[in-house]
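Student: Below you will find the structure I want to go over with you.
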Amino acid sequence: MEPAKKRCAYVSPSVLGADPLSVGAALDALPRGCWERLHLDIMDGRFVRNLSFGPAMCAALVKRYGLVDAHLMLAEPDVLAQDFVRAGASRVYVHAEAAPQLLLGLLTRLRSDGVEAGLAVAPLTPVEALRFALPFADAVLVMSVTPGFGGQALIEGSLEKARDLVRLREVEGYGYSIGMDGGVNAENARRVAGAGCDLLVAGSALFGAPDPAKYLMEMAEQTRENFVS
Ligand code: DX5
Ligand code: ZN
């Protein structure tokens, strides 16, 4: 039997989980050695029943913290994707469900703009439906809750989805990284990383913890040197 592979995963703080009145202070309190990229949810009230941030917030976060991943939960991602490129996002995720007929063009455009092309997938969309888009993606974001709101419980089947994506990547020789978004916390972080995820997005569990800095260190500890099962 082939030995299990050892790999690291990283936690990406989700800005949506922070108190909107003190986002900067909440982020400044997180030890920089434990995180690299921020996760910024962009919602339009149409693709999901919620509103969140826009390009100005993205630009401000880029200026202060560096790498920002913009997760577009927009019914018409083609209308605003370029605004987030201009705002300095280093990766832009577009939902497979939002504009299927535009998806490959959008991912291609992001790459040619020098931004990582991200493909986000909602819980009810099977991996099989993504097959033709996977070669165009630098990163795949498995949504492990219904898109639109923080604070939900992780849907367990999402781990199998991540494992399927790992297998496909190996078989087809694709180069995408895999992220998990929704309901990730210190209790399930090791299992999520063990399913092959490279990036663990954490919002409400992290910022809702009594000591977010300590909580992040705990999560980081659990996601290092996991054996992919
Ligand atoms: C939900 C968002 C998530 C959210 C995760 O639609 O995409 O990024 O911030 O939040 P938690 O960690 O609270 O599930
Ligand atoms: Zn998100």
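Student: Report, in deg cm²/dmol and to the nearest 500, the calculated mean residue ellipticity at 222 nm for the chain, where each DSSP H run with n ≥ 4 adds -39500 (n - 2.57) and the sum is divided by the residue count.
Tutor: Numbers: 8 runs with 75 residues, N = 229.
Computed ellipticity for the chain at 222 nm equals -9500 deg cm²/dmol.
Student: Please list 189-202, 88-101 highest first by mean number of surrounding beta-carbon atoms within 10 Å per residue.
Tutor: On the way: 189-202: 24.8, 88-101: 21.5.
Ranked from most to least packed, the peptides come out as 189-202, 88-101.
Student: Continuing with this model, one more query. Can you give the FRET efficiency to the nearest 0.05 for residue 152 and residue 224, using r as the Cβ-Cβ distance and R₀ = 35 Å?
Tutor: Numbers: r = 26 Å, r/R0 = 0.74.
For residue 152 and residue 224, the calculated efficiency is 0.85.
Student: Rounded to two decimal places and with Rh computed the Kirkwood way over Cα pairs, what is Rg over Rh for segment 91-162?
Tutor: In segment 91-162, Rg relative to Rh is 0.98.
Student: Using a cut-off of under 20 Å, list every residue of segment 16-31 whose amide N is near the label point 7 Å from the Cα of residue 86 along the Cα-to-beta-carbon line.
Tutor: none
Student: How much length, in nm to one decimal, is gained on full extension between residue 125 and residue 64, taken as 0.36 nm per residue of separation minus their Cα-Cα distance? The partial results should precede the final answer.
Tutor: Details: separation 61, 0.36 × 61 = 21.96 nm, distance 3.50 nm.
Full-extension gain reported as 18.5 nm.
Student: What whole-number distance in Å separates the alpha-carbon centres of segment 166-229 and segment 95-161?
Tutor: For segment 166-229 versus segment 95-161, the Cα centre distance is 17 Å.
Student: Working out 0.36 nm times the residue gap between residue 28 and residue 132, then minus their Cα-Cα distance, what length gain in nm do you get to one decimal?
Tutor: Values: separation 104, 0.36 × 104 = 37.44 nm, distance 3.99 nm.
Value of the extension gain: 33.4 nm.
Student: Going by how many other beta carbons lie within 10 Å of each one, how would you line up 161, 63, fewest first? Please report the intermediate quantities before stating the final value.
Tutor: Working: 161 23, 63 11.
With the fewest neighbours first, 161, 63 line up as 63, 161.
Student: Now a separate question. So how far apart, in nm, are the two label points at residue 174 and residue 214 if each is 7 Å from Cα heading toward Cβ?
Tutor: Taking the two extended label points, one gets 4.0 nm.
Student: With a 10 Å Cβ neighbour count serving as the proxy for reagent exposure, in which order, fewest first, do 211, 181 appear? Walk me through the intermediate numbers first.
Tutor: On the way: 211 10, 181 29.
Least to most surrounded, the residues fall as 211, 181.
Student: Here's another thing I want to ask about it. Counting only DSSP beta bridges with both residues in the chain, what percent are antiparallel, rounded to the nearest 5? Don't jump to the answer; show the numbers that get you there.
Tutor: Numbers: 3 of 37 bridges.
Antiparallel: roughly 10 percent of the beta bridges in the chain.
Student: May I pose another question? How would 27, 165 line up from fewest to most surrounding beta-carbon atoms within 10 angstrom? Don't jump to the answer; show the numbers that get you there.
Tutor: Values: 27 19, 165 24.
Ordered from fewest to most neighbouring Cβ atoms within 10 Å, 27, 165 come out as 27, 165.
Student: Return P(r) of the chain (all Cα-Cα pairs; 10 Å bins starting at 0; whole %; ordered from short to long distances).
Tutor: 8, 36, 39, 16, 1, 0
A short reminder: the numbers here are calculations on the coordinates, not readings from a lab. Being a predicted model, the structure only gives us computed values, none of them experimental. With ideal geometry, Cβ positions are generated from the backbone for all residues, glycine too; neighbour counts draw on all protein chains shown.
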